[in-house]
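Novice: Quick one: this structure, given as structure tokens, is what I'll be asking you about.
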2 protein chains.
Amino acid sequence: MAIPRLTDTERAAALPSLAGWTHEPARDALVKHFKFRDFSEAWGFMNRVALLAEKHDHHPEWHNVYNRVEILLTTHDAGGLSARDIAMARAIDAL
Amino acid sequence: MAIPRLTDTERAAALPSLAGWTHEPARDALVKHFKFRDFSEAWGFMNRVALLAEKHDHHPEWHNVYNRVEILLTTHDAGGLSARDIAMARAIDAL
């Protein structure tokens, strides 16, 4: 079952409601940078996102250096952004 | 207290004993790629590395996509590889 990629119109409609998430055109992905007090706090956050990822069966590409976390969301099966990325971004922001 | 950067001789002596770790000259860093069965297994590994990082007070730069983990070790205070990176690489491999 193919997951449909968001149209330009759908993406443009969703983006303004996702605070801090930017669209990376090269990957058709959502990217957000997070900064925490220290590694412990960053890791606590990442563990919560890991649980969300398993629950949504939708996993981020992410990078961590000490207190900084960068999350990139895209849907490989769709070749770009899908509704699953928007849902995941909202779930992360709701933590 | 400055952490001394490894000399070329020290680095060359340490590398052969670190299976799978490669030296990235541009960053003077150690890099290793890990592949797991799925995200759950990758995350289990990353949690164990996170505990090591806190214990050693030495944190990796790392990237995860589903079942793949890339770890980069370098010592910012030393401007490159130090004995702390070698110790951390050995501790990760001992997991």
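The values are calculated or read from the model by the stated rules, or taken from the named source; none is laboratory data. Model, not experiment: these values are computed from the prediction. Reconstructed Cβ throughout: ideal geometry from the backbone, glycine too, with neighbour counts over all protein chains shown. Heavy atoms of the whole protein, side chains included, go into the accessibility calculation; ligands, DNA and RNA do not. Shrake-Rupley method; radii C 1.70, N 1.55, O 1.52, S 1.80 Å.
Novice: Give the chain B residue with the shortest beta-carbon distance to the rotation axis relating chain B to chain A, plus that distance as a whole number of Å.
Specialist: In residue-and-Å form, the answer is B:63, 2.
Novice: To continue, here is another question. Output the relative contact order of chain A, whole-number percent, from Cα pairs under 8 angstrom with separation of 6+ residues.
Specialist: Relative contact order here is 34 percent.
Novice: Next up: Residues of the range B:29-49 with accessible area at least 10 Å² lower in the all-protein-chain context than alone (1.4 Å probe)?
Specialist: For the range B:29-49, once contacts with the other chains are taken into account, B:39, B:40, B:43, B:46, B:47 lose 10 Å² or more.
Novice: Now for a different question. Grab the beta carbon distance between residue B:15 and residue A:48, set R0 = 25 Å, and tell me the FRET efficiency rounded to 0.05.
Specialist: The pair residue B:15/residue A:48 has a calculated efficiency of 0.10.
Novice: At R0 = 35 Å, how high is the FRET efficiency between residue B:24 and residue A:41 if r is their beta carbon distance? Nearest 0.05 is fine.
Specialist: 0.80
Novice: Here's a follow-up. On a 0 to 90 degree scale, rounded to 10, what angle separates helix B:39-56 from the longest Cα axis of chain B?
Specialist: Compared with the principal axis, the helix lies near 30 degrees.
Novice: Further, regarding this structure: Could you provide, to the nearest whole Å², the per residue accessible area of the protein assembly as shown with probe 1.4 Å?
Specialist: 53
Novice: Sticking with this structure for a sec: Considering only C-alpha atoms, what is the centroid distance from the range A:70-95 to the range B:23-49, in Å?
Specialist: 23
Novice: May I ask you to list the trypsin sites (Lys or Arg not before Pro) in the range B:23-61 that are in a DSSP loop and have at most 13 other Cβ atoms within 10 Å of their Cβ?
Specialist: Loop-located and lightly packed - B:37.
Novice: Just to be sure I understand: if you take the accessible area of chain A alone plus chain B alone and subtract the pair, with a 1.4 Å probe, what total do you get in Å², rounded to 100?
Specialist: That pair of chains buries around 1400 Å² in total.
Novice: Another question, then. Expressed in nm to one decimal, what extension gain is obtained for the pair residue A:33 and residue A:95 from 0.36 nm per residue of sequence separation less their Cα-Cα distance?
Specialist: Computed gain between residue A:33 and residue A:95 is 20.8 nm.
Novice: Right, here's the next one. State whether the range A:8-94 is rounded, prolate or oblate according to the following rule on the C-alpha gyration tensor (a ≥ b ≥ c being the square roots of its eigenvalues): a/c under 1.5 gives rounded; otherwise a/b larger than b/c gives prolate, and the remaining case gives oblate.
Specialist: Prolate, since a/c reaches 1.5 and a/b exceeds b/c.
Novice: Here's something else I'd like to know. So what is the 222 nm mean residue ellipticity for the protein assembly as shown from helices alone, if each DSSP H run of at least 4 adds -39500 (n - 2.57) and you divide by all residues, rounding to the nearest 500 deg cm²/dmol?
Specialist: Helix-only estimate at 222 nm: -12000 deg cm²/dmol.
Novice: Round to a whole number: what % of the accessible area of the range B:1-74 belongs to carbon and sulfur, probe 1.4 Å?
Specialist: 54
Novice: On a 0 to 90 degree scale, rounded to 10, what angle separates helix A:83-93 from the longest Cα axis of chain A?
Specialist: Orientation of helix A:83-93: about 30 degrees from the principal axis.
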